[in-house]
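The values are calculated or read from the model by the stated rules, or taken from the named source; none is laboratory data. Since we're looking at a predicted model, the values are computed, not measured. Please note: Cβ atoms are built from the backbone with ideal geometry, for glycine as well, and neighbour counts cover all protein chains shown.
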Amino acid sequence: MRYVLGIDIGGTNLVVGSVAEDGSALHALASEPTHAETGAGAVVDRLVSMAERAIQATLREEPGAEIIGLGVGAPGPLDTKSGVVLLTPNLGWVNLPLRDIIHDRLHLPAALDNDANCAVLGEWWVGAARGTRNAIGVTIGTGIGGGLILEGKLYHGASDCAGEIGHTTIDTEGRRCKCGNYGCLEAYTSGPNIALRAVEAIEAGAETRLGSYVDGDLTRVTAQTVYQAANDGDELALEVVTDTARFLGAGIANLVNVFNPEAVVICGGVTLAGDHLFVPLRREVTRRAFKPAVNACRIVPCELVGTAGVYGAAKVFLDQMAPGA
């Protein structure tokens, strides 16, 4: 069996695994904190070490296995043709020739794409959007990413910027985003900003049990804290999750109207909020988007929890290596 390494670079975690060429198996899955503050060189060193261990583990677990290459998903924007990370607001990387660096270190052919593109491609290949021709993925983590599958192919646009859903504007005079713009979807619905909105409400005097989940230290409140409290019935947490659904619904309704997909897949820890998120989210999309487009579209949580980016990065490599690609 031939395998491809999938490498998923996130603002919080690095994830590496070895994916069978037909998507039927995943071996040697490992995750480590990104620690972006250590700089690009240190992050790449850890990635290379993780990849080397994954190769060794795969060869042990699958005698006769062949590692034919690797795919890397990284935050963008990118230049996928040259393999360069142009800018990563959440990592601080600028003009980093990541594909060539990893190729030279691991001596394997390599491909590079946006991390969110990889996540939606993975879900389309073997996850929640399999069997569709047109699908959209929204990844919610340290930032908000997105990817578009149009007529069975990952769509990059004219300059590799397609799918930057997190930096679409939902409020022209809204919160400042790390990208420098105001009112971006990411400024309201990324993990850190979900937590920030909850903390701001607490500091403004809202009654809540959220503080008890972090021993009173509000700096420790995360989006996951909010989801847990919402599932436990905390009113403020439920309000924050409902508002998050409303913001997401506005952004997704725009995408549904423009692209008319068969599926929108929501990836990331926000899915832990369950029906507290998805019920008002679907309701908001129904309220805002055209009925025929809504009727044709499923809005669903991801299936490949924690691994969609790994599967998708491997698929990026396979697609780039395919004849005529």
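Within the range 97-106, count every residue that is under 20 Å from the mean Cα position of the chain (by Cα) and either among the charged types (D, E, K, R) or not in a helix (DSSP H, G or I) (or both). Steps first, answer last, please.
Our first condition is that a residue be under 20 Å from the mean Cα position of the chain (by Cα); within the range 97-106, this holds for 98-99.
After this cut, where a residue has to be either among the charged types (D, E, K, R) or not in a helix (DSSP H, G or I) (or both) as well, the list is 99.
So the answer is 1.
Under 8 Å between Cβ atoms, which residue pairs at least 6 apart in sequence (or on different chains) link something in the range 51-77 that is at positive phi with a partner that is at pLDDT below 95 and in a loop (DSSP other than H, G, I, E, B)?
Filtered contacts from the range 51-77: 64/1.
Going through the range 258-282 one residue at a time, which ones are touching a strand residue (DSSP E or B) at 6+ places or on another chain (Cβ under 7 Å), assigned to a helix (DSSP H, G or I) and among the charged types (D, E, K, R)?
282
Go through the range 149-191 and give me each residue that's of a type in the set (Val, Ile, Thr) and farther than 16 Å from residue 90 by Cα. Full working, then the answer.
Of the range 149-191, the ones of a type in the set (Val, Ile, Thr) are 149, 165, 168-170, 172, 189.
Residues satisfying the conditions are 149, 168, 169, 170, 172.
Applying the selection to the range 21-46, what residues are in contact with a strand residue (DSSP E or B) (Cβ under 6 Å, 6 or more places away or on another chain) and of a type in the set (A, V, I, L, M)?
26, 28, 29, 30, 40
Tally up the residues in the range 313-325 that are modelled with pLDDT under 95 and either in a helix (DSSP H, G or I) or hydrophobic (A, V, I, L, M, F, W, C) (or both), please. Write out each step before concluding.
First, the residues of the range 313-325 that are modelled with pLDDT under 95: 319-325.
Filter once more, keeping what is either in a helix (DSSP H, G or I) or hydrophobic (A, V, I, L, M, F, W, C) (or both): 319-322, 325.
Total satisfying the criteria: 5.
Give the residues of the range 107-125 that are over 13 Å from residue 149 (Cβ atoms) and not in a strand (DSSP E or B), sorted by residue number.
Listed by number, the residues that qualify are 107, 108, 109, 115.
Among the residues of the range 283-325, which ones are within 23 Å of the chain's Cα centre (by Cα) and either at positive phi or small (Gly, Ala, Ser) (or both)?
306, 308, 309, 312, 313, 314 - these are the residues of the range 283-325 that are within 23 Å of the chain's Cα centre (by Cα) and either at positive phi or small (Gly, Ala, Ser) (or both).
Looking at the range 46-67, can you tell me whether even one residue there is acidic (Asp, Glu) and within 21 Å of the chain's Cα centre (by Cα)? Spell out how you get there, then give the answer.
Keep residues of the range 46-67 that are acidic (Asp, Glu), which gives 52, 61-62, 66.
Filter once more, keeping what is within 21 Å of the chain's Cα centre (by Cα): none.
No, every residue in the range 46-67 fails to be acidic (Asp, Glu) and within 21 Å of the chain's Cα centre (by Cα).
Which of the helices (runs of 4 or more DSSP H) contained wholly in the range 126-242 include at least 1 residues that are free of Cβ contacts under 8 Å to residues at least 12 places away in the same chain and assigned by TED's automatic domain parsing to the domain that holds residue 26?
Working: elements: 186-189, 191-203, 223-231.
Helices (runs of 4 or more DSSP H) meeting the threshold: none at all.
Of all residues in the range 7-28 being in contact (Cβ under 8 Å) with a residue 24 or more places away in the chain, among the small types (Gly, Ala, Ser) and in a strand (DSSP E or B), which is nearest to residue 60 (Cα to Cα)?
28
From 285, 294, 310, which residue is part of a helix (DSSP H, G or I) and in the same structural domain as residue 81 (by TED's automatic domain parsing)?
One residue alone meets the criteria, 310.
Looking only at the range 164-194, filter to residues that are touching a Lys or Arg at 6+ places or on another chain (Cβ under 9 Å) and hydrophobic (A, V, I, L, M, F, W, C); which one of those is surrounded by the most Cβ atoms within 10 Å (Cβ to Cβ)?
184
Could you count how many residues in the range 187-210 are within 28 Å of the chain's Cα centre (by Cα) and not basic (Lys, Arg)? First the steps, then the outcome.
Our first condition is that a residue be within 28 Å of the chain's Cα centre (by Cα); within the range 187-210, this holds for 187-201, 210.
Still in the list and also not basic (Lys, Arg): 187-196, 198-201, 210.
Qualifying residue count, the range 187-210: 15.
Among the residues of the range 77-89, is any part of a loop (DSSP other than H, G, I, E, B) and either buried (at least 24 other Cβ atoms within 10 Å of the Cβ) or within 15 Å of the chain's Cα centre (by Cα) (or both)? Quick ask: steps written out before the conclusion?
Our first condition is that a residue be part of a loop (DSSP other than H, G, I, E, B); within the range 77-89, this holds for 77, 80-83, 89.
If we keep only those that are either buried (at least 24 other Cβ atoms within 10 Å of the Cβ) or within 15 Å of the chain's Cα centre (by Cα) (or both) as well, we get 77, 89.
Scanning the range 77-89 turns up at least one residue that is part of a loop (DSSP other than H, G, I, E, B) and either buried (at least 24 other Cβ atoms within 10 Å of the Cβ) or within 15 Å of the chain's Cα centre (by Cα) (or both).
In the range 31-60, which residues are surrounded by fewer than 16 Cβ atoms within 10 Å (Cβ to Cβ) and not in a helix (DSSP H, G or I)?
Residues satisfying the conditions are 32, 33, 35, 39.
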